[in-house]
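The values are calculated or read from the model by the stated rules, or taken from the named source; none is laboratory data. Every value quoted in this text rests on a predicted model; they were computed, and no experiment measured them. Cβ sites come from the backbone with ideal geometry, for glycine too, and all protein chains shown count toward neighbours. Side chains included, ligands, DNA and RNA excluded: accessible areas come from the protein's heavy atoms. Shrake-Rupley method; radii C 1.70, N 1.55, O 1.52, S 1.80 Å.
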Amino acid sequence: MDNQVASVPILDIADLIVRYGTRTAVDKVSLQIRRGEIFGLLGPNGAGKTSTLSAIEGLVKPSGGTVLVDGIDIQRDPLAAKARLGVQLQSSSFQSELTIEQIVRLYSGLYGMSVTRQGIADRIRGIGLDAELGKRFKSLSGGQQQRLSLLIAVIHEPVLLLLDEPTSGLDPQSRRQLWDRIENLRTGGGSILLTTHSMEEAQAVCDRVAIIDRGKVLTVDSPSELVAKHRDDPRVVRVARGEVTLEDVFIGLTGSEIRG
Ligand SMILES: Nc1ncnc2c1ncn2[C@@H]1O[C@H](COP(=O)(O)OP(=O)(O)OP(=O)(O)O)[C@@H](O)[C@H]1O
Ligand SMILES: [Mg+2]
């Protein structure tokens, strides 16, 4: 029985379609994320990464397909599915006039967590913002805001964390710290789906990545397997500047032109 539970993917997306009017942003995407896995979605601007996450989060209604979070269908039982999710949006903003302490207290309360004043202070110290405790959200730097939004995303200890470009705009120190935090979350039993434009990040933290483009999954595997699998593809060979890298595979498969 335990084996059976463990074998249910933490996220099971099948033939997901997201449309905005006549534009198809996600075109029959199927992906499975294993328990305890850190999974990366890579793709050029407009590939459909945020739209895929939005459908999982229930922010957009899929035009087709199914999404199971921990075996729960998000359309049939959205509340139970959402309770298992932690979400950090591509650009998070909180009530700008509230202080950090008030924001952490507010969200702990919304999730029904009972956290003491000391508990709140400890969590804020954990993200290095103890000196900023009484500052309003709007007066934090971009990186500080991002650290706070990650803290809020995991405050209810979700089993699956969705992070949309979590390290864009962070300095190298904060980026490394965030990678450590992501790995700690996994050690604590969580699974993570993140999007990134950084090949370095994909290689540093992701067990597997999917390269998506124009709403379709082009390939899925571990970063090193992706390189091994596609290194002889003529499109990849053409763009490589030496030893084939993950970025060469990415550009080879998705093309060199800039997306609108
Ligand atoms: N709310 C919306 N209304 C209409 N079209 C949208 C909307 N959101 C996204 N799109 C379109 O859907 C497609 C996929 O966008 P999406 O935001 O999912 O891409 P992305 O992979 O997250 O890109 P980026 O790397 O730039 O964040 C794009 O063509 C985009 O213009
Ligand atoms: Mg996006």
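Scanning the range 240-254 for residues that are more than 23 Å from the chain's Cα centre (by Cα), among the aliphatic types (A, V, I, L, M) and surrounded by fewer than 19 Cβ atoms within 10 Å (Cβ to Cβ) yields one hit, ALA240.
Quick grid of which residues meet (1) more than 16 Å from ligand 2 (Cβ to nearest atom); (2) open to solvent by 20 Å² or more (accessible area, probe 1.4 Å); (3) at pLDDT 95 or above:
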site: ILE13; (1), (2), (3): yes, no, yes
site: LEU16; (1), (2), (3): no, no, yes
site: GLY21; (1), (2), (3): yes, yes, yes
site: LEU42; (1), (2), (3): no, no, yes
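Would you confirm whether or not the range 55-64 contains a residue that is in a helix (DSSP H, G or I), open to solvent by 10 Å² or more (accessible area, probe 1.4 Å) and within 16 Å of ligand 2 (Cβ to nearest atom)? Among the residues of the range 55-64, at least one is in a helix (DSSP H, G or I), open to solvent by 10 Å² or more (accessible area, probe 1.4 Å) and within 16 Å of ligand 2 (Cβ to nearest atom), which makes the answer yes.
Every test in (1) touching a strand residue (DSSP E or B) at 6+ places or on another chain (Cβ under 7 Å); (2) of a type in the set (A, V, I, L, M, F, W, C); (3) open to solvent by 50 Å² or more (accessible area, probe 1.4 Å) is passed by ILE74 save one, and that test is (3). Considering the range 171-203 alone, what residues qualify as being within 24 Å of GLY46 (Cα to Cα) and hydrophobic (A, V, I, L, M, F, W, C)? Correct list: ILE192, LEU193, LEU194, MET199, ALA202.
Among helices (runs of 4 or more DSSP H) entirely within the range 143-242, having at least 1 residues that are in contact with a His (Cβ under 6 Å, 6 or more places away or on another chain), away from ligand 1 (no atom under 16 Å from the Cβ) and more than 30 Å from SER63 (Cα to Cα) singles out 234-239.
Filter the range 23-43 down to the residues that are within 25 Å of SER198 (Cβ to Cβ) and without any contact (Cβ under 8 Å) to a residue 24 or more places away in the chain and list them by number. Residue satisfying the conditions is GLN32 alone. Taken over the range 95-120, the criterion of being open to solvent by 30 Å² or more (accessible area, probe 1.4 Å) and either part of a strand (DSSP E or B) or among the hydrophobic types (A, V, I, L, M, F, W, C) (or both) is satisfied by LEU98, LEU106, LEU110, MET113, VAL115.
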